[in-house]
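The values are calculated or read from the model by the stated rules, or taken from the named source; none is laboratory data. Because the structure is predicted, anything quoted here is derived from the model rather than measured. Cβ placement follows ideal geometry from the backbone for every residue including glycine, while neighbour counts extend to all protein chains displayed.
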Amino acid sequence: MVDEDFPVTLVRAPIVSTERALNNEATPCIAFAYLNGYLRSKGYHCEVIDCIAEGLNRLWPVAEFPGYMCQGLTWDEVIERIPPNSQVIGFSTMFSGEWPIVRMLIRRVRQRFPDALIVAGGEHITAMPEYSMRDCPAIDVCVCGEGEHALYEICEARREGRDFSQISGAAHIDRDGAFLKVEPKRIRDIDELAWPFWPDGYLERFWAAGKSYGVQTARDMPIMASRGCPYQCTFCSNSRMWTTRYILRDIDDLIGEIKSYVARYDITALQFYDLTAITKKRWTMEFCQRLIDEGLDYLKWSLPSGTRSEALDGEVLAMLKRTNCNYLVYAPESGSSDTLEKINKRIDLEKLTGSVIEATRRGIIVRTNLIIGFPYETRNNILKTIRYGLYLAWKGADEVTINIFSPYPGTEIFEELIGRGGVVVNDDYFLALTSLNSDYTLFNPMTCNIYVGARELAIYRLGFMLLNYIIGYIRYPSRIWRTLHNVFFGGGAAATVLEHRLKDARKKAAGGRMGSIR
Ligand code: SF4
């Protein structure tokens, strides 16, 4: 029974990027779908205002922060859409680089809805709850860590007039100005969670606009098979958000969810949004076998958010290919064993390289992610990573990306940098994270590296990006046809980030779906 008298509204802010941004892909918000499903299963009426979904490809400049753009609904459009009787309004902030902009939106919403309870959650809030609340007093309470149960408890507390002091994962500032936080607890029985709730017409917007997380098909379905990651890389905020508890879903439950999407949407592909989807060989083989047994192996499926390579040996890769897996993203992060040790990335580079080569040999589209510019990384180690990336491109990886290290809150490296004054937290810092993440030109506002300057790192990144594609197209000329087909003639699939961006550019040039508000 859904309670219409206590509506909860969840707001997803626009994508923030620089005016020169290349990398600002819009994807469906699976976190909100989970929150929505959970609150509904507990009897709440939940509305989602997703600025990105409702304003796909609409760009507008942020007057307060020259040089930065938003993609999505404007503040006025968001406020118009929030049901006037909303009792709880929740905001999600995944990326710290978006914080100054999300903060503006929260303040606007507070002015218009002075009596609603304003809740904020997500990776950024989990990493910096006290900072966020003091920087934006419009927030009443933060959700740290996994959101479903904490948000539900907060709604219950609000209905019953209780405070938040007993709710795991809740953080707030009390009347005396003291910051109070109850440590979050992981949800252990994830199979008991309600499946994500996708409002009518929501996913269809992304499909119609050709937006996809990875290799695009007609109707790509976001899904998750696990939560958390057992590793503790020092540049990743995973352990702060999720702890190191790694939980895989029950395969029956997962297959049931997939079948429900086949029935409802006639989906064409599954895109796994997991932090680390494949770590266990037995689970992976069983899952693939079930796809075959249930006649679901006609669906394409992919791991676009990066995966470990330990369980991806020849046998598993053969099974992945057999069951129509079409896209894998590996995240070796570095080609230097020194750097890998320093960042605590526990991988066997030789095995990972073998797995990449085997996957490409089997015809799976492969992307690999690398990072340069860690704080203590020498130029020599950076060059090793670049050489390694070129080797992967030569050996057949379809796309090798190099990012410049970003010191994200909630990571071990960030804490260390803060401790010695290597990072000062303010709006310039947050926006520099956005620039690092979205702007691949030679403009690079930040480096934490003590040996190599910001401009030099940007030159390496841009030069590498071009070389990676040149090697790929010269050595594997059939990709030229694939790209031309996908961008100009197919109208459907896009296999790489480059193809996605070229498609966007073509639409923009044709005056198609790209719009701008000024
Ligand atoms: S970088 Fe990947 S493997 Fe490392 S802790 Fe984060 S999610 Fe886990």
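The table below lists the values:
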| quantity | calculated |
| --- | --- |
| Failed item in (1) within 24 Å of Cys233 (Cβ to Cβ); (2) more than 26 Å from the chain's Cα centre (by Cα), with Glu315 passing the rest | (1) |
| Listing of helices (runs of 4 or more DSSP H) fully contained in the stretch 343-444 that carry 3 or more residues being in contact with a helix residue (DSSP H, G or I) (Cβ under 8 Å, 6 or more places away or on another chain) and not polar (S, T, N, Q) | 349-361, 379-394, 427-438 |
| Members of the stretch 12-28 found to be in contact with an Asp or Glu (Cβ under 6 Å, 6 or more places away or on another chain), surrounded by 18 or more Cβ atoms within 10 Å (Cβ to Cβ) and at pLDDT below 95, listed by number | Val16, Thr18, Ala21 |
| Ala331 being within 13 Å of the ligand (Cβ to nearest atom) and either crowded, with 21+ Cβ neighbours inside 10 Å or within 26 Å of the chain's Cα centre (by Cα) (or both) | yes |
| Any chance Ile255 is more than 20 Å from the chain's Cα centre (by Cα), under 22 Å from Lys300 (Cβ atoms) and away from the ligand (no atom under 16 Å from the Cβ) | yes |
| Selected residue (criterion: farthest from the ligand (Cβ to nearest atom)) from residues of the stretch 210-224 that are modelled with pLDDT of 95 or more and hydrophobic (A, V, I, L, M, F, W, C) | Met221 |
| Matching residues in the stretch 411-427 - criterion: being closer than 16 Å to Val102 by Cβ and either small (Gly, Ala, Ser) or touching a residue at least 12 places away in the same chain (Cβ under 8 Å) (or both) | Val425, Asp427 |
| Selection status of Leu442, buried (at least 17 other Cβ atoms within 10 Å of the Cβ), at negative phi and among the hydrophobic types (A, V, I, L, M, F, W, C) | no |
| All positions within the stretch 253-278 that are without any contact (Cβ under 8 Å) to a residue 12 or more places away in the chain and charged (D, E, K, R) | Arg264 |
| Of all residues in the stretch 12-68 being within 21 Å of Arg103 (Cα to Cα) and of a type in the set (Phe, Trp, Tyr), the one that is farthest from the chain's Cα centre (by Cα) | Phe65 |
| Cross-chain or 6+ apart pairs with Cβ under 6 Å, the stretch 301-317 first and under 10 Å from Ala331 (Cβ atoms), then part of a loop (DSSP other than H, G, I, E, B) and within 16 Å of the ligand (Cβ to nearest atom) | Ser305/Tyr273; Thr307/Ala277; Thr307/Ile278; Arg308/Thr276; Arg308/Thr279 |
